[in-house]
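The values are calculated or read from the model by the stated rules, or taken from the named source; none is laboratory data. Everything quoted here is computed from the prediction, not taken from an experiment. With ideal geometry, Cβ positions are generated from the backbone for all residues, glycine too; neighbour counts draw on all protein chains shown.
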Amino acid sequence: MTSAWKLLQGFHVRGPMSTETRTVKSARNMIVGLTTQAILVLLGFASRGVFVTELGVGFVGVNSLLLSILAVLGVTDLGLNGALIFALYKPLSVGDSDRVSALVRFCASMYRYVALAVALIGLALLPFLGRLVSLDIKSEELYAYYLVLLINSVGGYLMAYRAILLQADQRAYVASLYSFAFNATRYVVQIAALLVLRSYLLFLIIQVVFTLLNNLAIFRHAGKRYPYLRGNRTKLDGTERRIIFASVRAMFIYRIGDMILNNTDPILISAIVGTVALGYYSNYTLIVGAILMFTDLLFNSLMASVGSMVVASNETQRRDVLNELVLFAGWIFGFLTIAFLVLSSEFIGLWIGGQFVVGQVVVTGIALNFLMNGMTAPIWAFRQSTGLFRQTRYVLLVTAALNVGLSVVLGRHFGVAGIVFATAISRLLTNYWYEPLILHRRYLGGGASKYFAKQIVVMGLVACSSLGLANAMSHLPVGGWFLAMKAVAVLVVVNALFLCFTWRTPEFRRIRRRLSLVFDTLFSREPTR
């Protein structure tokens with residue numbers, strides 16, 4: 001048995017406590033997640049290509065709109081996910097199975113109410129769907145599409161609470177393995193159905209069936225992994241419930257703003273500019289979504305480690321870890337943003353056709369939002385682990401309100417570009433600077449000037465590199481092999497540039513030591529314990 005396999009053995013049923021280091025657990029989650037998602041992304045692009053060819057760009061817009069509406073409905077989970085992950089960190093770290101069981105039981109009962117709320121609110125929105133779609137689709141067909149996706153959302157909430165336990169226990173790789181198996185099969189079946197029957201409704205039904213099967217498999221696995229959940233009737237006392245509800249209230253306010261900010265652009269584009277325009281826009285956001293699958297895996301794998309570290313560390317250690325994450329995020333998201341700016345339109349043209357390419361101004365706006373969101377990922381990791389969301393719960397409401405107002409005004413004058421840049425402007429004026437400032441003052445014992453200086457450096461590197469590379473590559477031919485060569489050039493040039501700016505920093509040295517530990521664990525005879 002190889003050492004790499006030993007590292008990935010975690011899906012055998014074991015006790016609640018593990019002696020593995022946080023770094024090793026994070027590495028396992030990353031390795032499994034990145035490997036499976038790479039294959040799923042390729043299948044996802046193949047599925048979208050067939051979708052566009054068989055159904056047209058209008059249905060792409062409808063699909064994006066309906067998913068965005070249901071994502072906004074997700075705010076009704078009241079922030080339970082984040083609040084309960086935060087509450088589970090400590091009992092999992094000390095092996096308190098009674099408290100873990102009590103929290104999970106509480107979570108299950110709360111999610112039943114959430115599922116009911118999503119169903120009722122979702123049904124109440126049915127009469128308004130027609131006003132958001134500018135395509136010639138019969139109302140009953142539109143309602144059928146929406147109801148199938150609504151069933152998918154409601155069913156997911158009924159089994160979500162055990163998946164939360166896996167995430168808090170740094171076993172997200174288990175969900176990644178199940179997701180890979182079911183979603184890879186789903187993509188193949190959906191592609192076949194589109195080619196044979198060209199039915200959007202069947203496409204959605206297949207999606208719902210495999211999503212529910214995936215959720216059920218994770219639910220059953222968690223039951224086996226944590227057998228003490230069965231038969232344990234321990235309940236939270238009144239004090240514990242009040243503490244969790246306080247966190248839920250704070251997280252709920254935060255989630256309202258977050259959901260509105262991140263999911264209303266497609267709705268506004270469809271309502272103000274048109275559903276077809278949303279279809280063109282969503283092809284680019286599919287690329288961004290594929291990238292985020294990987295980056296989210298990286299930071300989700302690290303988040304539980306941050307949570308455990310916060311419980312047992314001092315301000316200096318927290319600050320060091322944040323600086324490492326800032327360097328990591330700046331490098332990863334800076335490189336990916338440059339690659340998106342330089343290569344995305346050429347990729348779209350080769351993938352589904354030049355008629356689906358949008359203007360560079362829109363591409364720049366999408367890239368700016370992606371970069372700003374990514375650069376705040378370290379703050380996001382600390383937000384949940386420290387309870388920062390309690391102190392900053394209102395800022396995203398302000399950001400979301402500002403975004404909607406600016407989007408309506410700028411969207412009417414500048415179309416899709418106006419709506420996309422409205423989101424970037426709203427972020428920059430509010431949470432982009434406010435949350436880091438509060439985190440440094442209340443949890444890290446210092447000012448945030450160095451943090452913001454690093455943000456400015458990364459922004460400058462991205463701007464200069466993008467302009468230089470775009471200008472140089474504009475003189476090169478277009479084609480599959482040339483696109484591959486351009487991608488290699490971006491990879492080499494941008495990473496060499498970031499290396500020159502960071503390799504002497506203490507954060508880089510600490511990251512290098514952590515990577516060395518992971519490498520030794522992967523390839524040594526006995527994994528580090």
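Results, tabulated for the structure shown:
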quantity	calculated
Residue among Ile338, Ile272 that is modelled with pLDDT of 85 or more, more than 19 Å from Phe45 (Cα to Cα) and crowded, with 22+ Cβ neighbours inside 10 Å	Ile338
Every pair of residues 6+ apart whose Cβ atoms lie under 6 Å, when the first sits in the range 175-195 and is in the same structural domain as Leu40 (by TED's automatic domain parsing) while the second is of a type in the set (Phe, Trp, Tyr) and in a helix (DSSP H, G or I)	Phe182/Phe210; Arg186/Phe210; Gln190/Phe203
Complete set of residues in the range 421-459 that are in contact (Cβ under 8 Å) with a residue 40 or more places away in the chain and not in a helix (DSSP H, G or I)	Leu444, Gly445, Gly446
Residue list for the range 237-266, filter: more than 17 Å from Leu80 (Cβ to Cβ) and of a type in the set (Val, Ile, Thr)	Thr239, Ile260, Thr264
Ile206, sole failed condition from (1) under 27 Å from Asn81 (Cβ atoms); (2) in contact (Cβ under 8 Å) with a residue 24 or more places away in the chain; (3) more than 18 Å from the chain's Cα centre (by Cα)	(2)
Answer residue from the range 397-418, given it is in contact with a Ser or Thr (Cβ under 8 Å, 6 or more places away or on another chain) and within 18 Å of Tyr432 (Cβ to Cβ) and is surrounded by the fewest Cβ atoms within 10 Å (Cβ to Cβ) among those	Val398
Inter-residue pairs, beta-carbon under 9 Å, first in contact (Cβ under 8 Å) with a residue 60 or more places away in the chain and under 19 Å from Met251 (Cβ atoms) and in the range 81-102, second among the β-branched types (Val, Ile, Thr) and surrounded by fewer than 18 Cβ atoms within 10 Å (Cβ to Cβ), 6+ apart	Ala87/Ile243; Tyr89/Val311; Lys90/Val311
Where a residue in the range 139-165 is without any contact (Cβ under 8 Å) to a residue 12 or more places away in the chain and its partner, wherever it lies, is part of a helix (DSSP H, G or I), with Cβ under 6 Å and at least six apart	Ser139/Gly130
For Leu236: the one exception among (1) in contact (Cβ under 8 Å) with a residue 40 or more places away in the chain; (2) of a type in the set (A, V, I, L, M); (3) not in a loop (DSSP other than H, G, I, E, B)	(3)
Selection count, the range 485-529, where residues are in a helix (DSSP H, G or I), at pLDDT below 90 and of a type in the set (A, V, I, L, M, F, W, C)	9
Answer from Ser247, Ser199 - the residue that is closer than 26 Å to Gln355 by Cβ and among the hydroxyl-bearing types (Ser, Thr, Tyr)	Ser199
Flag if Val357 is among the β-branched types (Val, Ile, Thr) and either at pLDDT below 90 or farther than 21 Å from Lys486 by Cα (or both)	no
Complete set of residues in the range 117-128 that are in contact (Cβ under 8 Å) with a residue 24 or more places away in the chain, in a helix (DSSP H, G or I) and surrounded by 14 or more Cβ atoms within 10 Å (Cβ to Cβ)	Ala117, Val118, Ala119, Ile121, Gly122
Residue match in the range 215-228 (condition: modelled with pLDDT under 85, surrounded by fewer than 20 Cβ atoms within 10 Å (Cβ to Cβ) and among the hydrophobic types (A, V, I, L, M, F, W, C))	no
